[in-house]
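Participant: The following block contains the structure, expressed as structure tokens.
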Amino acid sequence: MTEKNIQVLLARRPEGEVRTSDFKIVETPVPQIADGQLLVRNHYLSLDPYMRGRMSAAKSYAQSVDIDQVMVGGTVGQVVASKHSGYQVGDHVLGAFGWQLYGVSDGTGLTKLAERGVPLSAYLGVIGMPGVTAYVGLMDIGQPKSGETVVVSAASGAVGSVVGQIAKIKGCRAVGIAGGPEKCAYVTKELGFDACVDYKLGRLTEDLAKAVPNGIDIYFENVGGPIFDKVLARMNPFGRIPLCGLISQYNAIEPYGLKNIGSILINRIRLQGFIVSDHFPRWTEAIKNIAQWMQEGRIKYRESVAQGIENAPAAFIGLLAGKNFGKQLVKLI
Ligand SMILES: NC(=O)c1ccc[n+]([C@@H]2O[C@H](COP(=O)([O-])OP(=O)(O)OC[C@H]3O[C@@H](n4cnc5c(N)ncnc54)[C@H](OP(=O)(O)O)[C@@H]3O)[C@@H](O)[C@H]2O)c1
């Protein structure tokens with residue numbers, strides 16, 4: 001095999017905004033496999049906001065990436081060599097080989113992908129980790145009831161887009177919050193949300209009030225910061241807040257202090273942070289239902305695809321700045 005393995009390593013821990021110089025791109029030989037192992041050529045790398053946390057040494061729910069180590073990340077690809085009895089050359093697999101072209105595995109943590117008639121990339125998005133995150137957060141923590149109002153931030157993104165569409169399927173009023181007219185038009189016209197508020201217009205309080213005339217029963221939180229504060233002010237008694245992410249704070253040196261936190265007490269709100277990897281037993285049901293809804297045309301998705309592993313750092317920086325429009329991927333082949 002003449003091709004090299006190209007890897008993206010963490011070169012330094014960013015302070016504040018991530019820069020391309022925080023990464024280092026290296027070429028290494030394609031790894032050899034031993035008995036019981038298989039070699040995968042990755043086709044797509046998933047870029048996800050959680051990777052910002054892995055670049056930091058701050059205490060978190062998962063270990064940081066060490067300096068000069070390959071950046072972590074979900075991948076889909078194809079087995080190109082196998083000395084493992086459970087895998088054959090040509091099998092498509094979902095793995096976590098990180099920001100690189102090739103990965104070696106003994107099968108641990110690897111999923112052989114069933115043929116569902118969807119593109120390989122979808123296993124990193126709508127029928128992958130982000131889709132399951134939307135499902136678990138909304139269904140298990142949000143517990144939507146028909147007629148309720150569900151608001152979700154980062155509404156055009158990988159998680160938010162699925163949250164709103166499931167909310168509709170469950171008979172709720174779905175309201176998105178997103179940045180810019182294009183994203184908002186997509187959320188309402190393509191995804192079928194009832195309304196979408198463009199927070200970049202700078203009048204979130206007024207526009208949200210119009211979009212949720214009956215208040216908010218469930219707020220699926222993806223962004224944190226001032227958006228969270230303004231939503232808190234419109235929560236209904238006994239509302240639920242699945243706290244999924246705080247992307248507006250991931251690069252922040254001074255975290256934003258919530259002013260409307262009293263709403264949680266006054267309205268007896270149940271707020272629960274969650275991490276999807278704690279919910280593996282829910283994975284099968286989530287994927288089965290989302291795949292079914294996709295087949296029925298009730299769940300749609302969109303992807304932003306960067307081309308080539310060398311462009312992963314810039315695409316990741318773009319994701320943290322809202323430049324992606326839908327699930328952010330890097331095509332590696
Ligand atoms: N808890 C879990 O297990 C889990 C799992 C997956 C994801 N998450 C979290 O879920 C959230 C969404 O992730 P995703 O993969 O679906 O990403 P995504 O929504 O596809 O992309 C991120 C989006 O966040 C928005 N954003 C970025 N900076 C912002 C800011 N300062 N203020 C408001 N919005 C901002 C941008 O959308 P706009 O252009 O609309 O602003 C951007 O497109 C993230 O917080 C992520 O960490 C959590």
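Participant: Could you tell me whether region 150-289 comes out rounded, prolate or oblate from its Cα gyration tensor? Rule is a ≥ b ≥ c as square roots of the eigenvalues, rounded for a/c under 1.5, then prolate if a/b exceeds b/c, otherwise oblate.
Facilitator: rounded
Participant: Bin width 20 Å, alpha-carbon pairs only: give the P(r) of the chain as whole percents, running from 0 to the bin holding the largest distance.
Facilitator: Bins of 20 Å from zero give 31, 56, 13, 0 percent of pairs.
Participant: Considering only DSSP beta bridges whose two residues both sit in the chain, what percent are antiparallel, to the nearest 5?
Facilitator: So the antiparallel bridges in the chain amount to around 55 percent.
Participant: Could you give the length gained by full extension between Gln88 and Glu182, i.e. 0.36 nm per residue of separation minus their alpha carbon distance, to one decimal place?
Facilitator: Difference between extended and current length: 29.5 nm.
Participant: Using the eigenvalues of the Cα gyration tensor, what equivalent ellipsoid semi-axes result for region 72-214 when each is taken as the square root of five times the eigenvalue, whole Å, largest first?
Facilitator: Result for region 72-214: semi-axes of 38, 16, 12 Å.
Participant: Looking at the chain as a GNM with Cα springs under 10 Å, which of Glu148, Glu115, Glu182 has the largest mean-square fluctuation?
Facilitator: Glu115
Participant: Additional query: Please build a GNM for the chain, connecting alpha carbons under 10 Å apart, and tell me which residue among Gly157, Gly98, Gly297 fluctuates the most.
Facilitator: Gly297
Participant: How do the peptides 235-245, 42-52 rank, highest first, by the average count of neighbouring beta carbon atoms within 10 Å per residue?
Facilitator: Packing proxy ranking, top to bottom: 42-52, 235-245.
Participant: Working out 0.36 nm times the residue gap between Arg116 and Glu3, then minus their Cα-Cα distance, what length gain in nm do you get to one decimal?
Facilitator: Extending this stretch completely gives an extra 37.6 nm.
Participant: Place the peptides 5-14, 54-63 in order of packing, highest mean first, counting for every residue the other Cβ atoms within 10 Å and averaging per peptide.
Facilitator: Listed from highest to lowest mean packing, they are 5-14, 54-63.
Participant: Let me ask something additional. From the Cα trace of region 216-290, what convex hull volume per residue do you get, rounded to a whole Å³?
Facilitator: That works out to 113 Å³ per residue.
Participant: Right, here's the next one. Spit out the partnerless Cys residues in the chain, using Cβ distances under 4.7 Å as the pairing rule.
Facilitator: Isolated Cys, the chain: Cys172, Cys244.
Participant: When the Kirkwood radius is taken over all Cα pairs of region 199-256, what Stokes-Einstein diffusion coefficient follows at 4 °C and 1.567 mPa s, in µm²/s?
Facilitator: The estimated diffusion coefficient comes to 107 µm²/s.
Participant: Moving on. With the Cα gyration tensor of region 34-138 giving a ≥ b ≥ c as the square roots of its eigenvalues, does the rule (a/c under 1.5 for rounded; else a/b larger than b/c for prolate; else oblate) give rounded, prolate or oblate?
Facilitator: Here region 34-138 falls in the oblate category.
Participant: Could you give the size of the charge dipole of region 175-333 about its Cα centre, using +1 on the Cβ of each K and R and -1 on the Cβ of each D and E, expressed in debye and rounded to the nearest 20?
Facilitator: 180
Participant: Here is a further query. Going toward the positive end of the dipole of the chain, with +1 on Lys and Arg Cβ and -1 on Asp and Glu Cβ, which of Gly95, Ser21, Phe193 do you reach last?
Facilitator: Working it through, the farthest residue towards the positive pole turns out to be Phe193.
Participant: So for the pair Ala57, Leu201, with labels modelled 7 Å out along Cα→Cβ, what separation do we get in nm?
Facilitator: 4.6
Participant: Also, quick follow-up: Size of the dipole of the chain about the Cα centre, Lys and Arg at +1 and Asp and Glu at -1 on the beta carbon, nothing else charged, in debye to 20?
Facilitator: 700
Participant: Please report how far the C-alpha centroid of region 36-55 lies from that of region 99-163, rounded to the nearest whole angstrom.
Facilitator: 15
No lab work stands behind these numbers, since they all come straight from the coordinates. Everything numeric in this text was worked out from a predicted model, so none of it was measured. Note that each Cβ is placed from the backbone with ideal geometry, even for glycine, and that neighbours are counted across all protein chains shown.
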